[in-house]
Amino acid sequence: GVSVAHNPISNLKLGSGVAPVGQMLDAGVNVALGTDGAASSAMQDMLEVIKATALIHKCVRRDASIVNAEQVLEMATLGGARCIGREHDLGSIEAGKKADFFLFNPKTPKAVPMADPISTLVYSSSEENIDTTAVGGKVLLEGGRYTCLDEAAALDDCQAAAAALREETALVNTHWDQRVVVSSFAK
């Protein structure tokens, strides 16, 4: 009944090693994917997590068949829903489940040519391929633009908060032991 939240980019950045995901799947363990947040992975891009998951295990085990694109996509969808005990209403597009989905547009230089949609999504996509996102049936992103917030203002607010936090904590650079000066985007 245990699930594993696999955070490959965070693990790589922190030097934590590579989880034996292939063995976990073979043993019937539910594996979900996560980003582990900006503090330990410096990103929150699930498409990067999906691609990293699909690639790293092949490299570590020297076996191109160890974790395939379909398995990784399931980890990112139903695996996540199972991990939090919500597979009854999340993780797949089915009648009676919440309308949480994104529309993938493969017509970008990164994703063309496309032979297999799942492989293209897993290995050859980025945020530029995400056209629309809905959560609970509410469209939050349409045509690549947020429908519910001012993106520029949100980025400015986030950067200002980060700058204030760095100022308050007098954070130093871990490589050169120098104080990090990060200002807001506002002029």
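The values are calculated or read from the model by the stated rules, or taken from the named source; none is laboratory data. Worth saying up front: this structure is predicted, and the values here are computed from it rather than measured. Here Cβ is always computed from backbone atoms with ideal geometry, including for glycine, and neighbour counts include all displayed protein chains. When the accessible area is computed, the model is the full protein with side chains, heavy atoms only, and any ligands, DNA or RNA have been set aside. Shrake-Rupley method; radii C 1.70, N 1.55, O 1.52, S 1.80 Å.
Values for this structure:
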item: Among the residues listed as Ala19, Ala54, Ala81, the single one being under 26 Å from Thr120 (Cβ atoms) and either assigned to a loop (DSSP other than H, G, I, E, B) or among the polar types (S, T, N, Q) (or both); result: Ala19
item: Members of the range 29-51 found to be part of a loop (DSSP other than H, G, I, E, B) and either modelled with pLDDT of 95 or more or aromatic (Phe, Trp, Tyr) (or both), listed by number; result: Val29
item: When residues of the range 155-169 are limited to those that are hydrophobic (A, V, I, L, M, F, W, C) and either open to solvent by 50 Å² or more (accessible area, probe 1.4 Å) or within 25 Å of Asn105 (Cα to Cα) (or both), the one farthest from the chain's Cα centre (by Cα); result: Ala164
item: Residues satisfying the stated conditions in the range 108-129, i.e. surrounded by fewer than 16 Cβ atoms within 10 Å (Cβ to Cβ) and either within 24 Å of Asp89 (Cα to Cα) or touching a Phe, Trp or Tyr at 6+ places or on another chain (Cβ under 8 Å) (or both); result: Pro117, Ile118
item: Of all residues in the range 85-128 being among the acidic types (Asp, Glu) and in contact (Cβ under 8 Å) with a residue 40 or more places away in the chain, the one that is farthest from Lys51 (Cα to Cα); result: Asp116
item: Selected residue [open to solvent by less than 50 Å² (accessible area, probe 1.4 Å), closer than 22 Å to Ser92 by Cα and either out of contact with any Leu (no Cβ under 7 Å at 6 or more places or on another chain) or not hydrophobic (A, V, I, L, M, F, W, C) (or both)] from Thr77, Thr35; result: Thr35
item: Any hit, the range 99-107, residues being touching a Gly at 6+ places or on another chain (Cβ under 6 Å) and surrounded by fewer than 17 Cβ atoms within 10 Å (Cβ to Cβ); result: yes
